[in-house]
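Written out below as structure tokens is the structure these notes cover.
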Amino acid sequence: MLEIGYSHSRANGYMKLEIIPSTGNVFRDVGFRHEEAEHLLVRADLMIQIQKLIAARRLKQKAAAKTLGMTQPRISDLLRGRIDLFSTDALIDMLARLGVTIGLTRCKYLAH
């Protein structure tokens, strides 16, 4: 995966295009520390799965709130991707309430 960035230097009136390899973690690529980027990526993946389940079941926010044992405004935050408002534990609890079994897979760390 490649990330394309633009440098601000101009040579002969042309904008220089610089291609920067991605780390595979968008949060790391935009400058978060490695540890924080990994936590954010896990939370983002969990949140996306919850959003997909709510959409697949065609749940309205009020019905999703009842199923997940939370308020409608909290569901709104979830569906708008407010990752900063949800812990990994809270997201795992939501998936469990939706009937999903969570498993972890250990991956070899690739240094970048």
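Within 10 Å, count the other beta carbons around each residue, average over each peptide in 92-105, 56-69, 38-51, and list them highest first.
For the peptides 92-105, 56-69, 38-51, the packing ranking is 38-51, 56-69, 92-105.
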Original post:
Can you run phi through the Karplus equation (6.51, -1.76, 1.60; θ = phi - 60°) for the range 79-96 and list ³J(HN,Hα) in whole Hz, with x for Gly and Pro?
Top reply: 6, 8, x, 6, 4, 5, 9, 10, 7, 4, 4, 5, 5, 5, 4, 5, 4, 4
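Convex hull volume of the Cα atoms in the range 33-97, per residue, in Å³?
On the way: hull volume 4.5 nm³, N = 65.
It is 70 Å³ per residue.
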Subject >> In sequence order, calculated HN-Hα J values of the range 19-27 (Karplus, 6.51, -1.76, 1.60; Hz; x Gly/Pro) >> reply: 9, 10, x, 7, 7, x, 10, 4, 5
**OP:** Report the label-to-label distance for ALA96 and GLN61 in nanometres (one decimal), using points 7 Å from each Cα along the Cα→Cβ vector.
**Re:** 2.7 nm
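Net charge near SER76: determine it from the other residues with C-beta under 15 Å of the C-beta of SER76, scoring Lys and Arg +1 and Asp and Glu -1.
Details: positive: LYS60, LYS62, LYS66, ARG74, ARG80, ARG82; negative: ASP77, ASP84.
Spelling it out: positives minus negatives among the neighbours equals +4.
All of the numbers you see were taken from the coordinates with simple rules; none came from a lab. Everything numeric here is computed off the predicted structure, so don't read it as measured data. Quick reminder, even Gly has a Cβ in these numbers, built from the backbone with ideal geometry, and neighbours come from all protein chains shown.
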